[in-house]
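Q: If you scroll down you'll find the structure; I have some questions about it.
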Amino acid sequence: MTHRPTGEPLRPVRPHPAETVADTTWDDGRPPGSDTVDPAVLTALLHRHGWRRRGGAPGRYGRWTPPGPGAGATSLLVPVSRAFPDSDDLLGEALLALSRSGTPSAREILVSLAVPSDEIRWGRDVPAGPGDTASWTAEEQLRSAARRMLLAGALATRARAGYYGARHRRAATASLESVLVGPAPGGRRLTAFVPVTTGRPLAVRLHHALYATREAVDYRRATGGMEAFDTAVAAGVSHELTEALVALVRGTQGARITVDWSPAAGVPEGCAALAEPVEFSPGDLPALREAAARYLRVEPSVPVRITGTVVRMRRPGPRGVGTVRLRVLAGAEVPHVRITLDEEAYRIAGHAHLVGLPVRVLGRLESRGGFRRLTGACEIAPVQVDDAERDRLLKAVQEHVEVAAFLEEACGGDCED
């Protein structure tokens, strides 16, 4: 017998990050308003992105030009404060010039002004192709590794663990929705803008975790011991982070990650104002891979008491042991779990499923397989809910049955998850 209902609303499609940047900043073609920009913040961002001050009236304004051979094409007059009558006019002209500049850093400066953000930068040393380009694969590898690293940082803000698997993943993924990203020119450089209001804990945790990883790798290469990786879990290092670093470094001559704090928000407590890039080389890969495997191997199973709705049931015959899939409502930070039940427990779960009631069950959430399976299940029992909630669950069950029947007919009974 197989029931494979989902009954959950479809998740909204996330817009492409580049579109999100445009929508959040100057989608009408105009730069941020001068009345919203602090001259000191703009000056700090220009300095961070390599712009050079080339004169100006001391104490009133500075003249800034971009880095590179095209420095003469753009020149900004930036007031040192709003204390002078022409400060707003100078700021407006500077922002307009930035919006029209072809300098790559100009857009990043405007993003940071429009959405005060901590900037996380990834750089990879990969061979350049014709015209200083890189392969499609190289750019995809950079974006994938960066996203995995941000997800590892988001997971570490939820809890500390050497291996998360499916735990906390839904909340961590949702926390990345506000992160903006820029282009990845040549597959060698990528910047993420993490809004201070929603993402500073992520940036801080990733900052500490990267330094702890670097120190643990150095200790492993110097002494042969893995103890530093055990203590680094408290700083946010995990299987997910080390795997992301392996993906970032693999196939390169080296990679680096830099976290720059938002000038508008200041430096967070416990962090250096001017943090040096954290660098990794191909020689670090054996230690990173060993750490990733170690975290996966030693993470313990977790005793839990889960409440959930039965969304699928299956067993080979009309009697005996069967497998049940629960959509977790409470008791564990995972979306679904699978449980193998004896005949009586399977009957209880089936009855609860038919009448639209959730069940509560005790067991151990196994780390093997990503905390998606409950073993040693016992004390399974239906949970009483109010009539409105029961009607909602029962309606979901009915929809599930219709979906299951359709899928069984379409797949000939051979459909799997």
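The values are calculated or read from the model by the stated rules, or taken from the named source; none is laboratory data. None of these values were measured; they are calculated from a predicted model. For neighbour counting, all protein chains shown are included, and Cβ atoms are generated from backbone atoms with ideal geometry for every residue, glycine included. Areas reflect the complete protein model, heavy atoms only, side chains present, ligands, DNA and RNA absent. Shrake-Rupley method; radii C 1.70, N 1.55, O 1.52, S 1.80 Å.
Q: So what J values fall out for region 78-90 if you push phi through Karplus, 6.51 cos²θ - 1.76 cosθ + 1.60 with θ = phi - 60°, rounded to Hz, Gly and Pro as x?
A: 10, x, 7, 7, 9, 6, 10, x, 8, 4, 5, 5, 5
Q: May I pose another question? For region 293-310, just list the computed ³J(HN,Hα) in residue order, Karplus coefficients 6.51, -1.76 and 1.60, θ = phi - 60°, integers in Hz, with x standing in for Gly and Pro.
A: Computed from phi, the couplings for region 293-310 are 5, 5, 4, 5, 6, 9, 5, x, 6, 10, x, 9, 10, 9, 10, x, 9, 6 Hz.
Q: Per residue, how much accessible area does region 157-316 show when a 1.4 Å probe rolls over the protein heavy atoms, in square angstrom?
A: Accessible surface, normalised per residue, equals 41 Å².
Q: What would the Debye equation give as log₁₀ I(q)/I(0) for region 178-273 at q = 0.16, 0.17 Å⁻¹, counting only Cα atoms as equal point scatterers?
A: -0.80, -0.90
Q: So what's the net charge close to Gly50: Lys and Arg +1, Asp and Glu -1, counting the other residues with Cβ under 15 Å from its Cβ?
A: Once all neighbours under 15 Å are counted, the net charge is +4.
Q: Got a sec? What order do Trp136, Trp64 fall in by accessible area at 1.4 Å, biggest, i.e. largest, first?
A: The residues order as Trp136, Trp64, largest area first.
Q: Next up: Report the accessible area of Phe84, computed with a 1.4 Å probe over the heavy atoms of all protein chains in place, in Å² rounded to the nearest 10.
A: Approximately 60 Å² of Phe84 is accessible to the 1.4 Å probe.
Q: Based on the Kirkwood radius over alpha-carbon pairs, what is the Stokes-Einstein translational diffusion coefficient of region 295-341 at 37 °C with 0.692 mPa s viscosity, in µm²/s?
A: 269 µm²/s
Q: Restricting attention to region 117-215, which GluC sites (Glu not before Pro) occupy a DSSP loop and are surrounded by at most 16 other Cβ atoms within 10 Å?
A: Those satisfying the criteria are Glu177.
Q: OK, next. Taking only the alpha-carbon positions of region 52-203 and ignoring solvent, what does the Debye formula give for the base-10 log of I(q)/I(0) at q = 0.09 Å⁻¹?
A: The computed values of log10 I(q)/I(0) come out as -0.42.
Q: Further, regarding this structure: For a quick check of your reading of the filter: which GluC sites (Glu not before Pro) in region 290-349 sit in a DSSP loop and have no more than 12 other Cβ atoms within 10 Å?
A: Passing sites in region 290-349 do not exist.
Q: Over region 48-114, give the accessible area per residue in Å² for a 1.4 Å probe, as an integer.
A: Value returned for region 48-114: 50 Å² of accessible area per residue.
Q: Using a 1.4 angstrom probe on heavy atoms only, work out the carbon and sulfur share of the accessible area of region 259-305 in %.
A: 56 percent
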